[in-house]
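The next block holds one structure in the form of structure tokens; read it before the comments.
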């Protein structure tokens, strides 16, 4: 009995929470949230579901842990110049790039507003809003606008990328969409026809930063 107990302990030590989370991230990247099951995870880790439940209570906890693992460092990343604006841009780009590489994170952050990763991002942004001298009565609105923009645009960008067939050339897709915009009725869609060429040539990351700067410019007016 003692030998069996020691064997179980060694197995549990080998099957650490970190190993489980790393394997979950890998599965989420390849199969998405729907492909992450404890049965599939057990097969990948060559163990039983009970051994995983020893470290992780349920799928929701596992998703939260995987999100925290991927975003670790985003909220503590150093910003060039260390100005509040530079820090907000650094955090925003960190989140954008993380969601671009791991699209499932976008849905997870949007679904659970009180999860650790979301709160840490909101806290880091909120501290910068305070540092910008925004009045206390406007800080919640300003920080919320930044958070919602960052998560919303980053999540939508990742969703658009996932909607394309594997191997699809982005330039071809944008070129085709731009041609559709340019062919719209000029009486009903004068604006869209006018910017059709910009759609074809735009860079998602650069446009994300441009939108962020527009919000920061508006926040500057609150001081």
Cα centroid of segment 141-163 to Cα centroid of segment 46-62, whole Å:
30
Rounded to the nearest Å, what's the spacing between the alpha carbon centres of segment 93-107 and segment 176-193? Just the number, please.
31
Rounded if a/c is under 1.5, else prolate if a/b beats b/c, else oblate: with a ≥ b ≥ c from the C-alpha gyration tensor eigenvalues square-rooted, which is the chain?
oblate
GNM on the chain, C-alpha springs below 10 Å: top fluctuator among 116, 183, 16?
183
If R₀ is 45 angstrom, what is the calculated FRET efficiency for the pair residue 145 and residue 17, using the beta carbon separation as r and rounding to 0.05?
0.80
Contact order relative to length for the chain, counting C-alpha pairs under 8 Å separated by 6 or more residues, stands in percent at 17
Once you've got the GNM for the chain with C-alpha springs shorter than 10 Å, pick whichever of 175, 73, 152 has the biggest mean-square fluctuation.
175
Packing-based exposure ordering (other Cβ within 10 Å, fewest first) of 37, 47
37, 47
In what sequence, highest mean first, do 26-35, 56-65, 97-106 appear when ranked by Cβ atoms within 10 angstrom?
97-106, 56-65, 26-35
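Here, each number is a calculation from the coordinates, and none is a lab measurement. The structure displayed is predicted, hence computed values, not measured ones. Virtual Cβ from ideal backbone geometry, glycine too; neighbours counted across all protein chains shown.
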